[in-house]
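Everything below concerns the one structure shown next.
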Amino acid sequence: MEEQLYEIIKKVYDKNNRNLFTFLTGAGISADSGIPTYRGIDGIWIKGTQFHKPEEFGTYKYFKEHPEEVWQYSLFRKKMFENAKPNESHREIVEIENLLEDKFHLITQNIDNLHRRAGTKRIYEIHGNNREIKCSNGCREIVNLPDEIKGKDIDEDLTANDIELLKCKECGSWMRPNILWFDERYDEKTNKRFSALKIAKNSGILFIAGTSGATNLPIAIAETTLKYGGTIVDINTEDNLFTKLIKDKKNKIIIRGTSTETLKTIKEIFKNIC
């Protein structure tokens with residue numbers, strides 16, 4: 001595996017075009033930080049909340065009907081994310097970025113901010129993030145969640161001050177988390193859809209780590225990379241939808257193991273090449 005990785009990485013690195021090295025990460029990359037995955041056995045979307053299935057709770061429709069409840073859960077996750085620390089996989093990716101500089105891009109499905117806290121700069125958060133908000137009525141630009149609003153325990157209610165700060169100053173509607181819900185479509189403004197696909201088009205290698213490919217933009221990113229001659233490196237502990245996509249393709253490497261150890265190997269290869 002290591003020899004095969006070295007050969008394809010060296011080949012792409014020496015190219016004059018379509019020579020980007022892009023990393024696509026999902027919730028699995030943050031599991032070692034103590035954040036549950038979404039679709040693993042103990043995942044957020046498998047277990048849901050105490051009272052609802054995720055497909056109904058994680059929607060714009062549900063937010064419009066129950067904004068305080070959704071915000072209560074969002075602030076619970078805010079506390080969980082803030083208490084977590086970037087793990088070794090996050091740090092390995094930062095070191096790879098430092099080696100590759102402009103040839104590096106990270107596309108992440110994660111909203112937990114751990115990649116940024118680890119130090120990654122060239123990052124596209126295609127599912128949004130938990131640190132920003134926008135008007136649910138669409139009248140305001142994306143802004144940071146006010147510092148006065150703190151993370152909460154799962155059974156902790158919003159305060160009157162929280163509610164005031166979470167209302168749009170222009171129209172009075174509720175502000176909402178700047179994340180992608182189940183009943184919404186990817187766009188450029190929030191999700192960097194077209195930017196991500198452009199990067200995929202110019203990627204010589206797409207490294208996929210910690211995501212099963214259960215949403216359509218990540219799959220489209222992989223399909224675009226393949227369409228323009230790039231190689232997919234699938235780094236996961238088990239087969240997934242990306243595996244199904246690439247099983248009959250020549251330009252693929254499938255690695256079954258932890259992301260941390262594989263990323264270390266990839267980093268060492270780049271050290272020898274850069």
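Every number in this text was worked out from the coordinates using simple rules, so none of it is lab data. Values in this document were obtained by computation on a predicted structure and should not be read as measured data. All Cβ positions, even for glycine, are placed from backbone atoms using ideal geometry, and neighbour counts span all protein chains on display.
Values for this structure:
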{"item": "Long pairs among Lys10/Lys264; Lys11/Lys198; Lys64/Lys134; Lys121/Lys152; Lys201/Lys264, criterion Cα-Cα beyond 18 Å", "result": "Lys11/Lys198; Lys121/Lys152; Lys201/Lys264"}
{"item": "Acute angle (nearest 10 degrees) that the helix 216-227 long axis makes with the longest principal axis of the chain, alpha-carbon atoms", "result": "20 degrees"}
{"item": "Rounded to 5, percent antiparallel among DSSP beta bridges of the chain", "result": "25 percent"}
{"item": "Spin-label pair Asn216/Cys274, simplified geometry with 7 Å Cα→Cβ offset, distance in nm", "result": "3.6 nm"}
{"item": "Label-point gap, in nm, between Asp248 and Ser195 - each point 7 angstrom along Cα→Cβ", "result": "3.6 nm"}
{"item": "Percent RCO, i.e. relative contact order, over the chain, from Cα pairs under 8 Å lying at least 6 residues apart", "result": "23 percent"}
{"item": "Within region 199-259, trypsin sites (Lys or Arg not before Pro) in DSSP loop having at most 12 other beta-carbon neighbours inside 10 Å", "result": "Lys247, Lys249, Lys250"}
{"item": "FRET E, pair Lys15, Glu184, Förster distance 30 Å, beta-carbon r, rounded to 0.05", "result": "0.25"}
{"item": "Gain on full stretching of the segment that runs from Glu7 to Lys150 - 0.36 nm per residue minus C-alpha separation", "result": "46.6 nm"}
